[in-house]
Every structure is written in structure tokens, then in C-alpha cells.
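Down below is the structure, laid out as C-alpha cells.
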Amino acid sequence: MGLVTQSYISSLTRKPPGVIAHRSLSRQAFSLLQARTFPIYFLLCTTLSAILLALWSTANIEVFKHDEGSFNFKSIFKLGDQVVVQCWVLLLVVVVSFVNWFYIGPNTNRLAMQRQRQERAEAKPYYDPGVSQAMRQLNREFGYWHGISSLTNLIGILATIYHGLWFNVLGLRQRPIMAEIF
């Protein structure tokens with residue numbers, strides 16, 4: 001579910017050629033669509049990945065225990081165990097989605113709106129060669145935050161794909177995981 005959500009929202013609101021929203025909407029309307037869609041998207045990614053991490057950790061709890069049954073803190077650093085690696089991968093998805101939801105995304109949206117206000121004040125588009133120094137600074141800042149947002153989103157998507165492929169190829173061969181949860 002998480003990968004489907006990530007793929008759908010990313011393809012709907014990103015700029016590769018052929019994307020319906022980018023081609024059909026004005027730049028301002030497209031920015032508004034992204035500003036309204038991405039917080040929900042990152043909320044879903046954070047929540048679904050956290051649930052998946054909790055389910056995965058619960059189903060594989062024996063990996064994290066001593067023989068007598070108490071929690072073994074050192075076990076979370078056993079990167080030779082694929083169950084532990086998958087926990088770290090899922091935690092990475094939770095963290096990058098959460099940071100994008102609460103910090104990177106709001107900064108990107110704030111700068112996009114400031115840039116649109118500056119465009120109206122100057123009566124020039126942001127890419128016009130004769131824009132003011134203030135607009136050039138906004139363009140730099142927006143480009144930085146948009147790039148960071150895209151990079152963290154890509155990391156989350158790749159980590160989710162990695163987990164899905166690993167689980168598909170190796171996860172079910174080890175033992176039936178879901179039987180212990182339900």
C-alpha cells in the first residue's frame with residue numbers, strides 16, 4: 001500500500017514529461033496542488049511505514065531478545081541479519097517521510113508562495129533574466145529546498161522498493177511471518 005501511494009502521488013505531481021497535472025494546470029495551480037497534496041502524501045507515508053515497521057518488528061521479535069527473553073539492545077546493530085536490516089530500511093522511510101512532512105515540505109511550500117508573490121510584485125516570471133536580486137535569492141532557496149525534498153522522497157521510495165523486493169524474494173521463504181501477528 002505504501003509503495004502504491006508513493007508511486008501514484010509522485011507520478012501525479014512531479015514534472016517528468018507526460019504527467020497530466022503538470023501539463024494541464026497553470027504553474028500557480030500546479031504549485032497549489034502540490035502544496036495541498038504532499039502533506040497528505042507524507043502523512044500517509046509516515047503512518048503506513050511506521051505501522052509496517054511495528055508489524056515487522058513484532059513478527060520478528062525473537063531476533064531482538066536474549067535467550068532468557070529480555071530485550072537485547074545490541075541486536076539492533078546486527079546488520080548481518082536481514083530482519084534487522086529491514087527494520088533499519090523501514091525506519092529510514094519513516095524518518096525521511098516525517099522530516100519531509102514537518103520540515104522540508106513546509107519550507108518548500110513557503111518559498112514557492114513567496115516566489116509567486118514576488119513574481120506578482122515584479123510583474124515578471126521567476127525565470128525572466130531581468131528579475132531582482134530578491135527573486136534570484138528566492139529561486140536559489142526554493143531550488144535548494146525542492147531538491148532536498150525530491151532527494152528525501154526518492155530515498156523513501158527506493159527504500160520501500162528495496163523492502164518490497166527483499167520481502168517478495170526472501171521474506172516468505174524464511175517462515176510465515178503474518179501467522180504470528182494475527
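Bear in mind these aren't lab numbers, they're just calculated from the coordinates by the rules spelled out. The model shown is predicted, which means the values in this text are computed figures rather than measured ones. As a convention, Cβ positions derive from the backbone with ideal geometry for all residues, glycine included, and neighbour counts pool all protein chains shown.
The table below gives the values:
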read-out	value
Gain in span if fully extended, Ala123 to Tyr103, counting 0.36 nm per residue against the direct Cα distance	4.2 nm
Order by protection proxy (mean Cβ within 10 Å, highest first), peptides 111-121, 127-137, 34-44, 84-94	84-94, 34-44, 111-121, 127-137
Shape box of region 23-159 [Cα atoms, principal axes, largest first, Å]	71, 27, 21
